[in-house]
């Protein structure tokens, strides 16, 4: 290859890459309004973002790819955790995280600020970010459940239990969190129908429950998780 040919390859490669980058950048900016539901931006959403900044939440949490990695990502926290849980952990972090290795400071956030923060999280949750972050992607959960399930409904329930982050609050066989009750012998305490209601609509069982509902679970997925949990019984059974 001659020096002249190498230069032309360099020039053409650079120009092509630059043109592609600019075209993709333009296309992204063209779609921002629709992807972010900009028409739903309100004064409360903007106020909630200011609350998020005021208390330096990004020091520990990541949102939309920006922030720290000490605490969980908050991009889809509104869907993942639910409003009641968010409200309690903001107002009583020392209680909710009492047994967690992570700690969150008591910021004494006012009721009005919490409502604004929830509005902000709800709006961010609605952004079409092409299944990012991946841990909250329904496609990823579905694929993981299929890999782990095989032909067993019990295995499918176990996979869904894991992929829906149930271990973050509940302990099972020595693994998991302490925010919610242990599920080691839940099959001895609750019947199949009650377990299903706890998952689909926890507030229908206990009005002040902090557990988020899982409306996106299909009837088959809900049945598989309930069947998995109803088999969690004491050794005597």
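The values are calculated or read from the model by the stated rules, or taken from the named source; none is laboratory data. Because the structure is a prediction, the values reported are computed rather than measured. Positions of Cβ are backbone-derived with ideal geometry, glycine not excepted, and every protein chain shown enters the neighbour counts.
Residues satisfying the criterion are present in the range 69-80 (criterion: exposed (fewer than 13 other Cβ atoms within 10 Å of the Cβ) and either at pLDDT below 95 or closer than 28 Å to residue 176 by Cβ (or both)).
Does residue 156 count as surrounded by 16 or more Cβ atoms within 10 Å (Cβ to Cβ), farther than 23 Å from residue 72 by Cβ and either in contact (Cβ under 8 Å) with a residue 40 or more places away in the chain or not assigned by TED's automatic domain parsing to the domain that holds residue 222 (or both)? Answer is yes for this residue. Residues of the range 32-65 that are over 16 Å from residue 125 (Cβ atoms) and outside any helix (DSSP H, G or I): 55, 56, 60.
In the set (1) at positive phi; (2) in a helix (DSSP H, G or I), the condition left unmet by residue 108 is number (2).
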